[in-house]
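The block underneath contains the structure these notes are about, expressed in structure tokens.
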Amino acid sequence: MKIRIRSTGMKLSRPISDYLTKKMQRLEKYLFPDNNAEVNLNIEGYRQTAEIIIYSERKTIVTEETSPEIYQSIDKAIDKMGKRLRREKEKKGKR
């Protein structure tokens with residue numbers, strides 16, 4: 001999976017990038033290797049938002065989470081995306 005990270009209102013540091021890449025690896029078991037992911041990190045005052053967009057051949061899945069801490073936003077968004085991907089995979093299995 002290819003991951004593109006964008007940041008607005010902050011400089012993307014190596015620890016945040018490494019943390020995000022490590023966490024995104026948890027989602028690879030639900031995806032094909034040729035899927036692309038885009039992560040948008042945005043800081044506006046005390047609101048720190050992480051938005052994850054996964055592009056597959058038939059669908060685009062988006063999750064977004066906001067919290068006062070960027071790491072917390074990343075964790076929540078990845079957990080939410082994991083649940084959505086798991087649900088999608090279960091739907092395919094039932095057909």
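The values are calculated or read from the model by the stated rules, or taken from the named source; none is laboratory data. These figures come from a predicted structure and were not determined experimentally. Neighbour counts are summed over all protein chains in view; Cβ atoms, including those assigned to glycine, are modelled from backbone coordinates with ideal geometry.
A few remarks follow.
- The residue pairs whose first member lies in region 32-49 and is free of Cβ contacts under 8 Å to residues at least 24 places away in the same chain, whose second member is assigned to a loop (DSSP other than H, G, I, E, B) and surrounded by fewer than 17 Cβ atoms within 10 Å (Cβ to Cβ), and whose beta carbons are closer than 6 Å, counting only pairs six or more residues apart or on different chains, are Y46/P68.
- Any hit, region 35-46, residues being in contact with a Lys or Arg (Cβ under 9 Å, 6 or more places away or on another chain) and over 27 Å from G9 (Cα atoms): yes
- Hey, I43 touching a Gly at 6+ places or on another chain (Cβ under 9 Å), over 17 Å from R84 (Cα atoms) and of a type in the set (A, V, I, L, M) or not: yes
- The condition of being out of contact with any His (no Cβ under 7 Å at 6 or more places or on another chain), of a type in the set (K, R) and modelled with pLDDT of 95 or more holds for only one of K59, K76, K29, that being K76.
- Residue ranges of strands (runs of 3 or more DSSP E) in the chain with at least 3 members loosely packed, with under 13 Cβ neighbours inside 10 Å and of a type in the set (K, R): 2-8
- Complete set of residues in region 24-57 that are over 14 Å from S7 (Cβ atoms) and touching an Asp or Glu at 6+ places or on another chain (Cβ under 7 Å): I53
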